[in-house]
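One structure is given here, and the rest of the page talks about it.
The values are calculated or read from the model by the stated rules, or taken from the named source; none is laboratory data. All values derive from a computational prediction rather than experimental measurement. Neighbour counts run over all protein chains shown; Cβ positions are idealised from the backbone, glycine included.
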């Protein structure tokens, strides 16, 4: 039996470890010399324009998605890859356990990059970074609620039990606030409320109160 066969067999019989959080490769930064020219090129290909705005630090964010693709591109000045997570600290801890030198959590405020997660716990705002041995740059970005237009609003999918459980926890917290606003009465229709909340959150639609 060849060594290659042994390696394949070992990999096939290895018991997978439980995941703490999914890390989804959703964005690749494409270096361009002229953002507007590149934007026109990809729009002419029929790619969806997800965003075009100026960040708080003055840089421009342009994101486009190929038709039917679960991943997108950013137009930037240097290459990079985004891993999207629902819980930044859990993702950092998991990488650290694997010996990865991960930065502390940070966010961008009025004075630029600031230590610590976003104080308002806004989706998209809490970040961390690391590099592989060849210097390839990875950015962890915590996303719990999508902005409108980032995903197909007619589909709701969860790629693992971990992601589903995290969405249920967020819905549970929001539903607790909902019951407080309605006088503290038990909501017998809570499954319907949970479902509405989770679908709206993933699609970037207005959340129920």
Across segment 172-191, what is the number of residues that are in contact with a helix residue (DSSP H, G or I) (Cβ under 7 Å, 6 or more places away or on another chain) and at pLDDT 85 or above? 4
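Specify which of the listed residues (208, 133) is part of a loop (DSSP other than H, G, I, E, B) and either on the phi > 0 side of the Ramachandran plot or touching a helix residue (DSSP H, G or I) at 6+ places or on another chain (Cβ under 9 Å) (or both).
Going through 208, 133 in turn, just one is part of a loop (DSSP other than H, G, I, E, B) and either on the phi > 0 side of the Ramachandran plot or touching a helix residue (DSSP H, G or I) at 6+ places or on another chain (Cβ under 9 Å) (or both): 208.
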From the list 183, 176, 135, which one is under 25 Å from residue 76 (Cα atoms) and over 16 Å from the mean Cα position of the chain (by Cα)? 135
I'd like the residue in segment 160-205 that is in a loop (DSSP other than H, G, I, E, B) and free of Cβ contacts under 8 Å to residues at least 40 places away in the same chain and, out of all such residues, is nearest to residue 24 (Cα to Cα). 189
Test for residue 108: is it surrounded by 13 or more Cβ atoms within 10 Å (Cβ to Cβ), modelled with pLDDT under 90 and within 30 Å of residue 33 (Cα to Cα): yes
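Per-residue answers, yes or no, for (1) in contact with a helix residue (DSSP H, G or I) (Cβ under 8 Å, 6 or more places away or on another chain); (2) exposed (fewer than 14 other Cβ atoms within 10 Å of the Cβ); (3) closer than 25 Å to residue 158 by Cβ:
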| site | (1), (2), (3) |
| --- | --- |
| 80 | no, no, no |
| 87 | yes, no, yes |
| 112 | no, yes, no |
| 121 | no, yes, yes |
